[in-house]
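*Asks:* Just dropping this structure here.
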Amino acid sequence: MTQESRLVRNPISIVGAILTTVSAVVFLVVFLTDILGFHTNPYLGIVFFFILPAIFVIGLVLIPIGARAERRRRAAGKAPLEWPRLDLNDPAHRRTVLIVSAVTLANVAIVSMAAYRGIEYMDTVSFCGQVCHTPMKPEFVAHEGQPHANVSCVACHVAPGAPGFTRAKISGTRQLVAIAMNSFPRPIVAHPDRLLPSTASCERCHWPEQFHGDRVRRVVEFGDDEKNTQSVTTIRVHVGGGNTREGKATGIHWHMNVGNTIEYIATDTERQNIPYVRLTDGQGHVREYVAAGYTREQFANAETRRMDCTDCHNRPNHAIDPTPEKAVNRAMAIGDIPPGLPFVHREAVKALKGKYETETAAMAGIERSLREFYTAQPQLASAHENQIDGAVAAVQNIYRHDVFPEMHVTFGTYPNNIGHIDSPGCFRCHDDTHAATDGKKIGQDCETCHAIE
């Protein structure tokens, strides 16, 4: 055995060799499972692709550190380390080895299970929305009542692969510091550039080429008169769709880049002002549209973004009602607020528009507003007592879902780009002012997307 090989026969170098070997083996196994598609938990990826390589490097560093320490020890005239002798023929030695091995295996199993469950918990909605993430209360509450309520936060907000894990943890660390320093913004507005593209989020579950055809939507509204007069507008929405085989698309989903490629430039971080649009059709022909008041030269060096699902579906699972009126209409249409209670639409909207400093104050204020109106009219109060109770509870529930005073979030705080009634939405581009050099404009014909029946 050479002098150098004898130098690594010391506790520090041996611990380093063990760490390096074990982490390398585990990493290779996990790397294979990741390639085969068995690894699905983003937080497990952090452990496997960051912690294990770190342990591997630490082990490599410990080996020469131990050898150097041993060289210095011997240069000082000290005798080489003598390892304790182990004789498995000795019953006492054998019993000690068995006990230590059993306890070690048990400890490893317990720690591994605890660590795994901890990592699994970090993958849950409750962790993202409730544990040390108080500022995320509006998103958490909205998520609980939406179609994607069973989809975990990380499924849409953490990209697969090591780079996605890194960005998520860097962002999480930054948010943790902001929470500790109480310096987070109110309200919190997600920067679109930090959100995943639809190919890494929506399209992991949804098939973008699926043809949907037309969808009929009934918009139910109620008046402010005593009878809460109901009106119904039926809209046939041309959702459409397309496929890459035929290279064409129809309806609203014409924008899916199946037969065309649509790119744009926004001048604000929330992408509400879009003065430049570039369309490349299936034959490679390019047409540029520029809004009135702008020139093409202004965008010569600007970065373009390719349109995807989230440019319209920007609140797919965190929707907050845009106005108190719409929230009350929805609740009355499904019967949460009894539509037969006189003047309930008007009074519910009035109660929701009150100024409240806290949620607790809002609950008391809403109940007081509604009950004072009806108790001032004894005949209404006695004839509709149970309906009044139901209305109070339903209006309070609307407030809990849509208004968060501590975060400065209320109706309409976050624009929703589906449609064009409450937010610019479609009209960011379809405003009839975006024109090409030949005079052709991005139209605003209502029948393009829907028909009112």
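The values are calculated or read from the model by the stated rules, or taken from the named source; none is laboratory data. Bear in mind the structure is a predicted one, so any value in this text is a computation, not a measurement. Glycine also receives a Cβ, built like all others from the backbone with ideal geometry; neighbour counts cover every protein chain displayed.
*Asks:* Give the residues of the range 328-351 that are more than 32 Å from the chain's Cα centre (by Cα) and part of a helix (DSSP H, G or I), sorted by residue number.
*Replies:* Selection gives VAL344, HIS345, ARG346, GLU347, LYS350.
*Asks:* From the set of residues in the range 263-303 that are among the aliphatic types (A, V, I, L, M) and in contact with a helix residue (DSSP H, G or I) (Cβ under 6 Å, 6 or more places away or on another chain), which is nearest to GLY425 (Cα to Cα)? Steps first, answer last, please.
*Replies:* First, the residues of the range 263-303 that are among the aliphatic types (A, V, I, L, M): 265-266, 274, 277, 279, 286, 290-292, 300, 302.
Imposing the further condition that a residue be in contact with a helix residue (DSSP H, G or I) (Cβ under 6 Å, 6 or more places away or on another chain) reduces the set to 265, 274, 290.
Details: ILE265: 15, ILE274: 11, VAL290: 17 Å.
Once the filter is applied, the top-ranked residue is ILE274.
*Asks:* A further question on this structure: Does ILE235 satisfy being under 30 Å from LYS350 (Cβ atoms), of a type in the set (Val, Ile, Thr) and not in a strand (DSSP E or B)? So that I can check it myself, show each step before the final result.
*Replies:* On the way: under 30 Å from LYS350 (Cβ atoms): yes; of a type in the set (Val, Ile, Thr): yes; not in a strand (DSSP E or B): no.
When the stated conditions are applied, ILE235 does not pass them.
*Asks:* Here are some residues: ALA266, ALA291. Which one is crowded, with 16+ Cβ neighbours inside 10 Å, touching a Lys or Arg at 6+ places or on another chain (Cβ under 9 Å) and small (Gly, Ala, Ser)?
*Replies:* Numbers: ALA291 fails: touching a Lys or Arg at 6+ places or on another chain (Cβ under 9 Å).
None of the other options fit; the residue is ALA266.
*Asks:* Quickly run through the range 73-106 and pick out the residues that are loosely packed, with under 10 Cβ neighbours inside 10 Å, modelled with pLDDT under 80 and either basic (Lys, Arg) or in a helix (DSSP H, G or I) (or both).
*Replies:* Residues satisfying the conditions are ALA75, ARG85, ALA92.
*Asks:* Continuing with this model, one more query. Only one of GLU303, GLU357, GLU325 is outside any loop (DSSP other than H, G, I, E, B) and out of contact with any Asp or Glu (no Cβ under 6 Å at 6 or more places or on another chain); which? If you could, list the steps in order and put the result at the bottom.
*Replies:* Values: GLU303 fails: outside any loop (DSSP other than H, G, I, E, B); GLU357 fails: outside any loop (DSSP other than H, G, I, E, B).
After ruling out the rest, the residue left standing is GLU325.
*Asks:* ASN228: of a type outside the set (Ser, Thr, Tyr) and touching a Phe, Trp or Tyr at 6+ places or on another chain (Cβ under 6 Å), yes or no?
*Replies:* Numbers: of a type outside the set (Ser, Thr, Tyr): yes; touching a Phe, Trp or Tyr at 6+ places or on another chain (Cβ under 6 Å): yes.
Judged against the criteria, ASN228 is a match.
*Asks:* Follow-up question, since we're still on this one. Could you go through the range 173-183 and let me know if any residue there is crowded, with 18+ Cβ neighbours inside 10 Å and either modelled with pLDDT of 85 or more or within 26 Å of the chain's Cα centre (by Cα) (or both).
*Replies:* Filtering the range 173-183 for residues crowded, with 18+ Cβ neighbours inside 10 Å gives none.
Scanning the range 173-183 turns up no residue that is crowded, with 18+ Cβ neighbours inside 10 Å and either modelled with pLDDT of 85 or more or within 26 Å of the chain's Cα centre (by Cα) (or both).
*Asks:* When you check ILE274 against the structure, is it surrounded by 14 or more Cβ atoms within 10 Å (Cβ to Cβ), farther than 26 Å from CYS153 by Cα and either of a type outside the set (Lys, Arg) or in contact with a Cys (Cβ under 7 Å, 6 or more places away or on another chain) (or both), yes or no? Before the answer, list the steps.
*Replies:* Numbers: surrounded by 14 or more Cβ atoms within 10 Å (Cβ to Cβ): yes; farther than 26 Å from CYS153 by Cα: yes; either of a type outside the set (Lys, Arg) or in contact with a Cys (Cβ under 7 Å, 6 or more places away or on another chain) (or both): yes.
Considered against the rule, which asks whether it is surrounded by 14 or more Cβ atoms within 10 Å (Cβ to Cβ), farther than 26 Å from CYS153 by Cα and either of a type outside the set (Lys, Arg) or in contact with a Cys (Cβ under 7 Å, 6 or more places away or on another chain) (or both), ILE274 comes out as yes.
*Asks:* Can you tell me which residue among VAL349, VAL328 is within 25 Å of ALA383 (Cβ to Cβ) and either in contact with a Pro (Cβ under 7 Å, 6 or more places away or on another chain) or of a type in the set (Asp, Glu) (or both)? It would help to see each step written out before you state the result.
*Replies:* Working: VAL328 fails: either in contact with a Pro (Cβ under 7 Å, 6 or more places away or on another chain) or of a type in the set (Asp, Glu) (or both).
Answer to the selection: VAL349.
*Asks:* Could you check, for the range 250-266, whether at least one of its residues is part of a loop (DSSP other than H, G, I, E, B), more than 20 Å from GLU447 (Cβ to Cβ), at pLDDT 90 or above and within 26 Å of the chain's Cα centre (by Cα)?
*Replies:* yes
*Asks:* Restricting to the range 425-435, count the residues that are part of a loop (DSSP other than H, G, I, E, B) and crowded, with 16+ Cβ neighbours inside 10 Å.
*Replies:* Initial filter on the range 425-435 (part of a loop (DSSP other than H, G, I, E, B)): 429-434.
Those left that are additionally crowded, with 16+ Cβ neighbours inside 10 Å: 429-431, 433-434.
Counting residues in the range 425-435 that are part of a loop (DSSP other than H, G, I, E, B) and crowded, with 16+ Cβ neighbours inside 10 Å gives 5.
*Asks:* Residue check: is PHE299 over 30 Å from PRO338 (Cα atoms), touching a Pro at 6+ places or on another chain (Cβ under 9 Å), crowded, with 17+ Cβ neighbours inside 10 Å and not assigned by TED's automatic domain parsing to the domain that holds GLU347?
*Replies:* yes
*Asks:* Checking the condition touching a strand residue (DSSP E or B) at 6+ places or on another chain (Cβ under 6 Å), touching a residue at least 60 places away in the same chain (Cβ under 8 Å) and among the acidic types (Asp, Glu), which residue from GLU288, GLU263, GLU270 passes?
*Replies:* Working: GLU263 fails: touching a residue at least 60 places away in the same chain (Cβ under 8 Å); GLU270 fails: touching a strand residue (DSSP E or B) at 6+ places or on another chain (Cβ under 6 Å).
Being touching a strand residue (DSSP E or B) at 6+ places or on another chain (Cβ under 6 Å), touching a residue at least 60 places away in the same chain (Cβ under 8 Å) and among the acidic types (Asp, Glu) holds for just one of GLU288, GLU263, GLU270, which is GLU288.
*Asks:* Counting only residues that are at pLDDT below 90, over 30 Å from ALA142 (Cα atoms) and acidic (Asp, Glu), which one in the range 279-316 is farthest from the chain's Cα centre (by Cα)?
*Replies:* Among those residues, the one meeting the criterion is GLU297.
*Asks:* Quick check on the range 187-216: of everything there that is assigned to a helix (DSSP H, G or I) and touching a residue at least 40 places away in the same chain (Cβ under 8 Å), which residue is surrounded by the fewest Cβ atoms within 10 Å (Cβ to Cβ)? Spell out how you get there, then give the answer.
*Replies:* Going through the range 187-216, the residues assigned to a helix (DSSP H, G or I) turn out to be 192-194, 198-200, 202-204.
After this cut, where a residue has to be touching a residue at least 40 places away in the same chain (Cβ under 8 Å) as well, the list is 192-193, 198-200, 202-204.
Working: PRO192: 15, ASP193: 9, SER198: 20, THR199: 12, ALA200: 15, CYS202: 17, GLU203: 14, ARG204: 13.
Applying the filter and picking the extreme gives ASP193.
*Asks:* Restricting the range 365-406 to residues that are touching a residue at least 60 places away in the same chain (Cβ under 8 Å) and not β-branched (Val, Ile, Thr), which is surrounded by the most Cβ atoms within 10 Å (Cβ to Cβ)?
*Replies:* Going residue by residue through the range 365-406, those that are touching a residue at least 60 places away in the same chain (Cβ under 8 Å) are 394-395, 397-398, 400-402, 404, 406.
Now narrow it down to the ones that are not β-branched (Val, Ile, Thr): 394, 397, 400-402, 404, 406.
Values: ALA394: 20, ASN397: 17, ARG400: 12, HIS401: 17, ASP402: 24, PHE404: 22, GLU406: 13.
Ranking the qualifying residues of the range 365-406, first place goes to ASP402.
*Asks:* On to the next question. Report yes if some residue within the range 196-206 is within 30 Å of GLU406 (Cβ to Cβ) and not β-branched (Val, Ile, Thr); otherwise report no. Steps first, please.
*Replies:* Kept after step one, since they are within 30 Å of GLU406 (Cβ to Cβ), are these residues of the range 196-206: 196, 201.
Of the ones still in play, those that are also not β-branched (Val, Ile, Thr) are 196, 201.
Within the range 196-206, one or more residues are within 30 Å of GLU406 (Cβ to Cβ) and not β-branched (Val, Ile, Thr).
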